[in-house]
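Student: The following block contains the structure, expressed as structure tokens.
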Amino acid sequence: MRTSILCVVLVAGVAALPGCAARHPASTTPPAAAEAGAGAGSDSGGAAGALGPASLAAWWDAHHVSLPPAPLVTHDDVVAAAERAVDAAAGRVAREVVGRSVEGRDLLHLTVGRGPTHVLLWSQMHGDEPSATPAIFDLLEWIRRERETAAVQRLEDRLTVHLVPMLNPDGAQRYTRRNAQGIDINRDALHLQTPEGRALKALRDRLQPVLGFNLHNQNGQTSAGSPPRPATISLLAVAHDAARSDSPRRTLAKQTAALVRQALEPLIPGQVGRYSDEFEVRAFGDNIGRWGTAVVLIESGPLSGADADGALVRLNFVALVTALDGLASGRTAAHPIAAYDTLPLNESNLLSIRVRNATIAPGTGVAPFVGDIGVNTSRALVGGDGPRRLQVASRIADLGDLRVFGALEDIDATGLTATPAFDDAAREGDLVRMPDWSVWKGATITVGQPGALFLLVPARTGTRPDSATASPLSESWRLVRRIQPGGPRP
Ligand SMILES: [Zn+2]
């Protein structure tokens, strides 16, 4: 997450190819608004055209580059994908190595386009924030496949797009935020003690991009709006001073973010948020803004569904194509910033799972009570040098009246009894017998405990204890739902 800035840097005025390492006078203005009409045809521009969000999402479904799920993409995958992109582009994509990570992995810089306006995009400065990395290769594939269209020809004529996929490959290898020195690269813009940070700074200084895109993922509890919705994508026109001053370059960033919001809203209604614009003196996005490049931060966030990782890549792809086409067509410069200013601010009111209105038998020995249970999940990489896979961990984050929260999965447990998952072998539909909670030593329903839960109903309607000494919880129950985040549904 940003705690940093997600920037796509558009560099103006750089020569087309990586060979353009030589400094070119930076143009300080993006293509003029006067050209805004250029994108109005069916081939580009408006929401209904080939560059509309639905069309771009469908394009992605049909043609995206085949890579592992984003969190499992390795530096080797990135190197191979870059090689394929360069080979397939027949001279239209250039590649250079702009540095090496602490552990010696190449930091790649890919360039496409030959226009005077330079844009710089970097992804995965935080190793466990991967969603934009595959989208960078999908963007290159879109440019290659659609090269005969007016939209791509305009983009290549007017822009030079610089792409740094996976700026923190050592962190990505471990699926951790920090680099191999243990430094958060996005707090190293001033000290420049990380080779990855030095490479990014040197590239920006060489290219002097007009616009930058800083591409991150944010916390799974990030919400936007009221009632809270998942902040699946959050945007920020990065401030370049503590006063959060407006300037032509910050306006360009806001216009770009406004355009991106309007492209994404139809795909994820109500799920686009605005990241805090507080100036972080050590962060790259903020400093790249200070150094003269407009910066847009794009944060990918929580999303429900079986293929949320893929869907986030697709949203990044739609955002990037929209932003670049807006800049190349001149639409960005003519675009009002209202759609940015009215974005709901990021908050932290999202649960992974909310079990609502259950009768909670917490396993602690206290009497059952009615309430909601909030569960959050996180993912870690396991496998070391063997096959890599993600392991989901869950914990109970809150308990009681949780009506003010949103949830990726909301389970109405009215009339059901919630307990800790007390029987590993039990399957949904099975009859189970509750443990004697007064001597129970296993997990409980309390904050910090695992999120594995049972939802139960009495096995026979009207079951009641026969005597004053029997507890209803000693009766026979039927397992209606087993909640086991990250595990298979039995
Ligand atoms: Zn980040």
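Student: Would you order 175, 340, 275 from fewest to most other beta-carbon atoms within 10 Å of each residue's own beta-carbon?
Tutor: Sorted ascending by nearby Cβ count, the order is 175, 340, 275.
Student: Can you list the residues, at least 5 places off or on another chain, whose amide H is less than 5 Å from the amide H of residue 224, using H built in the peptide plane?
Tutor: It is 229, 231, 347, by chain and number.
Student: What are the ³J(HN,Hα) couplings of region 438-454, residue after residue, when phi is run through the Karplus curve with 6.51, -1.76, 1.60 and θ = phi - 60°? Round to Hz, x for glycine and proline.
Tutor: After applying 6.51 cos²θ - 1.76 cosθ + 1.60, I find 5, 10, 5, 10, x, 4, 10, 8, 9, 4, x, 7, x, x, 7, 9, 10 Hz.
Student: Something else about it: Quick one: length gained pulling residue 192 to residue 430 fully straight, 0.36 nm per residue minus the C-alpha distance?
Tutor: Going from the current span to full extension adds 79.8 nm.
Student: Further, regarding this structure: How large is the direction-averaged shadow of the alpha-carbon convex hull of region 350-483, in nm²?
Tutor: Computed as one quarter of the Cα hull surface, the answer is 9.4 nm².
Student: Moving to a separate point now. Sorting 63, 118, 126 on the 10 Å Cβ count, fewest up front, what's the list?
Tutor: Ranking 63, 118, 126 by Cβ neighbours within 10 Å, fewest first, gives 63, 126, 118.
Student: Ok, one more. Give me 279, 137 ranked fewest to most by other Cβ atoms within 10 Å of their Cβ, as a rough exposure proxy.
Tutor: Listed from fewest to most nearby Cβ atoms, that is 279, 137.
Student: Can you work out D for the chain in µm² s⁻¹ from Stokes-Einstein, where Rh is the Kirkwood radius over C-alpha pairs, the temperature is 37 °C and the viscosity is 0.692 mPa s?
Tutor: 138
Student: Hey, what's the per residue convex hull volume over the C-alpha atoms of region 131-177, in cubic angstrom?
Tutor: 73
Student: At 222 nm, what value in deg cm²/dmol follows for the chain if DSSP H runs of at least 4 each add -39500 (n - 2.57) and the sum is divided by all its residues, to the nearest 500?
Tutor: The helix-only estimate for the chain comes to -7500 deg cm²/dmol at 222 nm.
Student: Could you work out how much longer the chain between residue 441 and residue 364 gets when fully extended? Use 0.36 nm per residue separation minus the Cα distance between them, nm to one decimal.
Tutor: Taking residue 441 through residue 364 to full extension adds about 26.8 nm, to one decimal.
Student: Per residue of region 137-145, what does 6.51 cos²θ - 1.76 cosθ + 1.60 with θ = phi - 60° give for ³J(HN,Hα)? Whole Hz please, x for Gly and Pro, Karplus curve as stated.
Tutor: 6, 5, 4, 4, 5, 5, 4, 5, 5
Student: Shifting gears a bit: For region 52-93, what is the convex hull (Cα atoms) projected area averaged across all directions, in square nanometres?
Tutor: 3.9
Student: Quick one: work out the % antiparallel among DSSP beta bridges in the chain, nearest 5.
Tutor: Around 70 percent of the beta bridges assigned by DSSP in the chain are antiparallel ones.
Student: Take every Cα pair under 8 Å in region 307-410 that's 6+ residues apart, average their separations, divide by the length, and report that relative contact order as a whole percent.
Tutor: Rounded, it is 24 percent for region 307-410.
Student: At each listed q (0.19 Å⁻¹), what is the log10 of I(q)/I(0) that the Debye formula gives for region 157-253 modelled as equal alpha-carbon point scatterers?
Tutor: Cα-only, vacuum Debye calculation for region 157-253: -1.21.
Student: Expressed as a rounded percentage, what relative contact order does the chain have, with Cα pairs under 8 Å and six or more residues apart?
Tutor: Relative contact order for the chain comes out at 17 percent.
Student: Once you sort the root eigenvalues of the Cα gyration tensor of region 410-462 as a ≥ b ≥ c, which label holds: rounded (a/c under 1.5), prolate (a/b larger than b/c) or oblate (the other case)?
Tutor: Oblate is the answer for region 410-462, as a/c is 1.5 or above yet b/c matches or exceeds a/b.
Student: Still on this structure, I have one more. What does the highest-first list of 350-360, 81-91, 442-452, 319-329 look like by mean Cβ count within 10 Å?
Tutor: Answer by packing, highest mean first, reads 319-329, 350-360, 442-452, 81-91.
Student: Whose amide H sits under 5 Å from the amide H of residue 123, counting only residues 5 or more places off or on another chain, with H placed in the peptide plane?
Tutor: 164, 166, 167
Student: Beta carbons within 10 angstrom, averaged per residue: use that to sort the peptides 138-145, 287-294, highest first.
Tutor: 287-294, 138-145
Student: Mind pulling the per residue volume of the convex hull built on the Cα atoms of region 259-377? Å³ is fine.
Tutor: So the per-residue hull volume is 165 Å³.
Student: Pull up all non-local amide H partners of residue 360: gap of 5 or more, or a different chain, and H-to-H distance under 5 Å with H placed in the peptide plane.
Tutor: Distant-sequence amide H within range of residue 360: 369, 370, 371, 418.
Student: With a/c under 1.5 counting as rounded, go ahead and sort region 293-348 into rounded, prolate or oblate using the C-alpha gyration tensor (a ≥ b ≥ c being the square roots of the eigenvalues; past the cut-off, prolate if a/b is larger than b/c, else oblate).
Tutor: oblate
Student: Can you run phi through the Karplus equation (6.51, -1.76, 1.60; θ = phi - 60°) for region 347-360 and list ³J(HN,Hα) in whole Hz, with x for Gly and Pro?
Tutor: 10, 10, 10, 10, 9, 5, 9, 10, 9, 9, 6, 8, 8, 9
None of the figures in this text is laboratory data; all of them are computed from the coordinates on show. From a predicted model like this one, the values you see are computed outputs, not experimental measurements. In this analysis, Cβ positions are derived from the backbone assuming ideal geometry, glycine residues included, and neighbour counts consider all displayed protein chains.
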